[in-house]
Every structure is written in structure tokens, then in C-alpha cells.
Number of protein chains: 2
Amino acid sequence: MDLSEKTIKKDIIYSGKIIEVNLQTVKLPNGRESKREIVNHPGGVAILAYKDSDTLFMVEQFRKPIEKSILEIPAGKIEKNEDIKVCGMRELEEETGYKARKFEYIGKVVTSPGFCDEYIYFFKAEDLYKGRNDIGDEDEFINVKEVKESRIKDMIKKGEIIDAKTICAFMMI
Amino acid sequence: MDLSEKTIKKDIIYSGKIIEVNLQTVKLPNGRESKREIVNHPGGVAILAYKDSDTLFMVEQFRKPIEKSILEIPAGKIEKNEDIKVCGMRELEEETGYKARKFEYIGKVVTSPGFCDEYIYFFKAEDLYKGRNDIGDEDEFINVKEVKESRIKDMIKKGEIIDAKTICAFMMI
């Protein structure tokens, strides 16, 4: 069965700095009409950054939508027209202060395909060396943490890691 | 370092059927101000539904934001005031036609904490039996698939499964 939904009408609700929201009227497979509320997002990158063979750099960051600080792998939004690998290397250095001699693409996910078009592209960074000294950007405050890879599964099961992209990254290696 | 951001001002941009969008002015840890675009979402459930010890029910569904059909575990939005376990059992039956005698909570994630407050709560469903015969609801069209659990990791690595919640679920068991 072809499950696709054709757009009949699209109204832009909000064009923000990062997201855009639109409301679409679609034709369903049975011919009826329905509405879809859609958030457009530029997409992001996330990096499994190995300090050594069994230690990862992770970042603790306050996330306003959920009103708490959580532990995540380094990540960030793709700038307009930015190549995803360039973006990944930039975010790694901005968030951890490190650059990588080995930087490999390992896969992608959609974070919430029911209402949002955000893709996240994953990289594995190895053979790191010190880059810039200041961490974060003008409105981003970060605590860098070192975490043993052997603890990750347990931290996920205990709810100490709840960030979806972070959890996904460990299924890609 | 306390990384929290205090809300100074909050403007509702859009109140839709499923999502709400607001723009907040926040006070950063360094005392400066910044803006945060936030999408509020009611949250969802997702279910690892075992037909037998090594076979899962999965669903193929067209996702308008990304304009393609993808393979996911059964999942759905939490209705207003709905208990998450009740929601999980309802969605399992709506999307697969099955009910479960064993239905266990296994964890939660945030899908995209940089701009959205959506949590997804995971359940493991076993000892399934046939419930209703019609699958999907009035604006939801679904193909039910059976997938061997032993193939999952490979399907993720090959990009045949790109849905973040689906990938996360397999790190919780």
C-alpha cells in the first residue's frame, strides 16, 4: 500500500532564528484530508569523541525546554550551507576544545519524524589533539566530562543518560 | 558551575492541535540575555512488542515532515491526562492489533532537548494476543512488519532504521 500524503495547502506559521513552523493540509491514502503541524529544523551533528580507546568526551548542558542539565555527546546545529563534516569538526572543537585527526561518518537519524524534519548526522572522532582553549559560544555554557565507554549502557538503563541522539550514537558503532 | 537559564519573558507563538511554540527570553549564567525558541509537545510512548522471543512487530508509516515512509517500533502521542502505560497499551493495539499480558516500563528519552520538551516513554510488551482487527486510526495508515531482533543492529548500521526512538529502545534492554 502506498502510504504517502500529498500536500494540498501549506501555511507558514512562524519563521524563527532556528525553527520554522508550518501547517499543511494533506490528502491521505484514503482520499480524505487531514492537517499536519510540522516543525522545520536545519538539522544537526553529533560526535562520539574518543579521548582514548575507552574514554569519551561528553558535555553537560542546560536544556531550557526540559528545564534541566543533561549529559550528551558533543553536538550542534548545521549552519546554512555548511558541510556536515565541517560542522562536526567545528562543534567538536567548540564544545570540547579538541580537534581530531580521524573523523568518520557513521550514520544518521531522524529525531521526531511525526512532527519534525530534523536529521542528526553522526561522526566518530579519534586521535584527538588540543585546539582552542575557550569552550562554548556566546550563549552556550558547557561542562566537559570524561566518561568510560564501559559505563554507558548502565548509565542509559539507570536514566543517567536520557538524550536520544547520545543513546543512538552507541548503536552505530 | 550552575548552568541554568531563568525565564525573563515568554511569548506564545502558536497553539496547535499537537504542538505549542513559544519564544522565551532567558538570563544566561553570565548574566546576559538570549532567546530560546521552544516547541512544547505532549510526549509519546514507544513499544518493543515481541511476537515471540526473537521477533518484533514494527510499523511502516509515512512521515510527512521527512516525506518518506520509515520503519519504527509502534508508538504514539500521549492524550491529555492519559497514563503512560494505558497510552502504551492503547497504541500497541491501535498500531498492531495486539494486546499484551506482560507490559513493562523500561525507560525514557528526550528526543531533541535543544528546542523541544518531548519525552518518549518505553515499554516492553510480551505474551501478546489478538485484539482489534482494524489497524491505525482515522488519519493514520500503517503497514505492520515482523522483524527478527538479530537483524536490528545491522539494519541500523545500514540506514534501514533511522528513527531515533526505535534505535534508543534497543539500548534499554
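Every condition in (1) surrounded by fewer than 17 Cβ atoms within 10 Å (Cβ to Cβ); (2) not in a helix (DSSP H, G or I) is met by residue B:153 except one, and the failing one is (2). Listed by first and then second residue, the pairs with beta-carbon distance under 7 Å, at least 6 apart or on different chains, first residue in segment B:131-145 and at the interface with chain A (Cβ under 9 Å from one of its Cβ atoms), second among the acidic types (Asp, Glu) and buried (at least 16 other Cβ atoms within 10 Å of the Cβ), are B:142/B:95.
Just one of the listed residues (A:79, A:91, A:104) is crowded, with 18+ Cβ neighbours inside 10 Å and either of a type outside the set (Gly, Ala, Ser) or assigned to a strand (DSSP E or B) (or both), namely A:91.
Return yes when residue B:165 is crowded, with 20+ Cβ neighbours inside 10 Å, outside any strand (DSSP E or B) and within 11 Å of chain A (Cβ to nearest Cβ) and no when it is not. Talk me through it step by step, then tell me what you get.
Values: crowded, with 20+ Cβ neighbours inside 10 Å: yes; outside any strand (DSSP E or B): yes; within 11 Å of chain A (Cβ to nearest Cβ): yes.
For residue B:165, the condition - crowded, with 20+ Cβ neighbours inside 10 Å, outside any strand (DSSP E or B) and within 11 Å of chain A (Cβ to nearest Cβ) - is met.
Annotation: of all residues in segment B:32-52 being within 11 Å of chain A (Cβ to nearest Cβ) and touching a helix residue (DSSP H, G or I) at 6+ places or on another chain (Cβ under 6 Å), the one that is surrounded by the fewest Cβ atoms within 10 Å (Cβ to Cβ) is B:36.
Can residue B:117 be described as at pLDDT below 95 and within 8 Å of chain A (Cβ to nearest Cβ)? Can you show your working first?
Details: at pLDDT below 95: no; within 8 Å of chain A (Cβ to nearest Cβ): yes.
For residue B:117, the condition - at pLDDT below 95 and within 8 Å of chain A (Cβ to nearest Cβ) - is not met.
Of all residues in segment B:58-76, those being outside any strand (DSSP E or B), surrounded by fewer than 22 Cβ atoms within 10 Å (Cβ to Cβ) and either touching a Pro at 6+ places or on another chain (Cβ under 7 Å) or touching a residue at least 40 places away in the same chain (Cβ under 8 Å) (or both) number 2. In segment B:88-99, the residues that are closer than 15 Å to residue B:126 by Cα form Cβ pairs under 6 Å with partners that are modelled with pLDDT of 95 or more and in a helix (DSSP H, G or I), at six or more places apart or across chains, as follows: B:99/B:93. With respect to (1) more than 15 Å from the chain's Cα centre (by Cα); (2) in a helix (DSSP H, G or I), the lone exception for residue B:126 is condition (2).
For the structure I just gave you, tell me whether residue A:105 is more than 12 Å from chain B (Cβ to nearest Cβ) and hydroxyl-bearing (Ser, Thr, Tyr).
Numbers: more than 12 Å from chain B (Cβ to nearest Cβ): no; hydroxyl-bearing (Ser, Thr, Tyr): yes.
It is false that residue A:105 is more than 12 Å from chain B (Cβ to nearest Cβ) and hydroxyl-bearing (Ser, Thr, Tyr).
Of everything in segment B:146-173 that's among the acidic types (Asp, Glu) and in contact (Cβ under 8 Å) with a residue 60 or more places away in the chain, which residue is farthest from residue A:2 (Cα to Cα)? Looking at the filtered set, the residue picked out is B:149. Scanning segment A:75-86 for residues that are out of contact with any helix residue (DSSP H, G or I) (no Cβ under 7 Å at 6 or more places or on another chain) and either farther than 20 Å from residue A:164 by Cα or within 14 Å of chain B (Cβ to nearest Cβ) (or both) yields A:77, A:80, A:81, A:82, A:83, A:85, A:86.
Search segment A:6-31 for residues being within 7 Å of chain B (Cβ to nearest Cβ) and in a loop (DSSP other than H, G, I, E, B), and hand back the single one that is surrounded by the most Cβ atoms within 10 Å (Cβ to Cβ). Per the stated criteria, the residue is A:19. Here segment B:17-51 is the region considered, the condition is being hydroxyl-bearing (Ser, Thr, Tyr) and not assigned by TED's automatic domain parsing to the domain that holds residue B:105, and the residue that is nearest to residue A:138 (Cα to Cα) is B:34.
One residue alone among A:55, A:111 is buried (at least 20 other Cβ atoms within 10 Å of the Cβ) and assigned by TED's automatic domain parsing to the domain that holds residue A:152, and that residue is A:111.
All conditions but one from (1) among the polar types (S, T, N, Q); (2) out of contact with any Pro (no Cβ under 9 Å at 6 or more places or on another chain); (3) at pLDDT 95 or above apply to residue B:133; the one that does not is (3).
The values are calculated or read from the model by the stated rules, or taken from the named source; none is laboratory data. Please read all numbers here as calculations on a predicted model, not as lab measurements. Glycine also receives a Cβ, built like all others from the backbone with ideal geometry; neighbour counts cover every protein chain displayed.
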